[in-house]
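Encoded as structure tokens, the structure appears first; notes follow it.
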Amino acid sequence: MTDNDAQARIEALEIRLAHQEAAIDELTHTLLKQETHIREHTETLQRLELQVRALAPADGEQATDEKPPHY
């Protein structure tokens, strides 16, 4: 292997490494955004669950359509 061949291989490896580092940075950025979205959605879901529980009867029975007292 000549010095030119070795130098070309090193340059090719450096280019490949730079592309891989860029891809890892992009994946990391995407992952962080997804984590933020998941956290926001989890918090929203928890708030909605609390609201639904507040509307539901406490004893677990379903609310019935009771007739008004004048019937």
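Here are a few things to note about the model shown:
- Neighbour count of at most 12 Cβ within 10 Å plus DSSP loop: longest GluC sites (Glu not before Pro)-free window in the chain: 1-60
- Carbon/sulfur fraction of accessible area - the chain, other protein chains in place, 1.4 Å, %: 57
- Dipole axis of the chain (+1 Lys, Arg; -1 Asp, Glu on Cβ), positive-most option in L31, Q46, I10: Q46
- Spacing of the modelled spin labels on E35 and R47, each 7 Å from Cα toward Cβ, amounts to 2.3 nm.
- Derived scalar couplings ³J(HN,Hα) [segment 11-21; Karplus, 6.51 cos²θ - 1.76 cosθ + 1.60; whole Hz; x for Gly, Pro]: 5, 5, 5, 5, 5, 4, 4, 5, 5, 5, 5
- Between E21 and A56, full extension at 0.36 nm per residue minus the direct alpha carbon distance yields a gain of 7.4 nm.
- When the Gaussian network model of the chain links Cα atoms closer than 10 Å, the mean-square fluctuations of I15, I38, I24 top out at I15.
- Solvent-accessible area per residue, Å², over the chain with all protein chains present [probe radius 1.4 Å]: 102
The values are calculated or read from the model by the stated rules, or taken from the named source; none is laboratory data. Computed from a predicted structure; not experimentally measured. Cβ sites come from the backbone with ideal geometry, for glycine too, and all protein chains shown count toward neighbours. To get the accessible areas, we keep the full protein, side chains included, count just its heavy atoms, and leave off ligands, DNA and RNA. Shrake-Rupley method; radii C 1.70, N 1.55, O 1.52, S 1.80 Å.
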